[in-house]
Amino acid sequence: MSGLTKAERNAAAVRDATLDDLLAAAWPWDVDRVKEVALAVAMARGEVSANDVRQLLEERLHHLIGPAFNSLTHQRGPLVNTGRRVPSTSPATKGHGIAVYRWVAVDRDAA
């Protein structure tokens, strides 16, 4: 998070804590299902967004997509944020931009 202002770092910390709380309150197998779908799409296509995952999951799991991506990108996870955004296809977001993630899982110990 270098290059961010103190306010931006604080906002990111609050966002991450909120997403962590959502994951902690969910059934572990629901979280695992969302992560598995996200990773499968990322491995197959190289990139993935919530739009790709949402169409493959039951509606009751849609609220876990953001927290799952957050979890998969932290601490050198298998996904990285590309910095690109695409319009959301979810009517609830009214087309706001959502992040695109790239599959990067490799054997990091081999380097």
- Note on the structure: Taking 39-50, 62-73, 80-91 and ranking on average Cβ neighbours within 10 Å, highest first, one gets 62-73, 39-50, 80-91
- Message: So with the 1.4 Å probe, I'd like the accessible area per residue for the chain, rounded to whole Å².
- Response: 65
- Across all Cα atoms of segment 14-87, Rg and the largest Cα-Cα distance (Dmax), in Å, are 11.6, 32
- What are the residues whose amide H is under 5 Å from the amide H of Ile98, where those residues sit 5 or more places off or on another chain and H is modelled from the backbone? Val86, Ser88
- Message: If I compute solvent accessible area with a 1.4 Å probe over the protein chains, what percent of it on the chain is carbon and sulfur?
- Response: 56
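The values are calculated or read from the model by the stated rules, or taken from the named source; none is laboratory data. Here the structure is a predicted model, which means the values were calculated and not measured. Cβ coordinates were reconstructed from backbone atoms using ideal geometry, including for glycine residues, and neighbour counts include every protein chain displayed. To get the accessible areas, we keep the full protein, side chains included, count just its heavy atoms, and leave off ligands, DNA and RNA. Shrake-Rupley method; radii C 1.70, N 1.55, O 1.52, S 1.80 Å.
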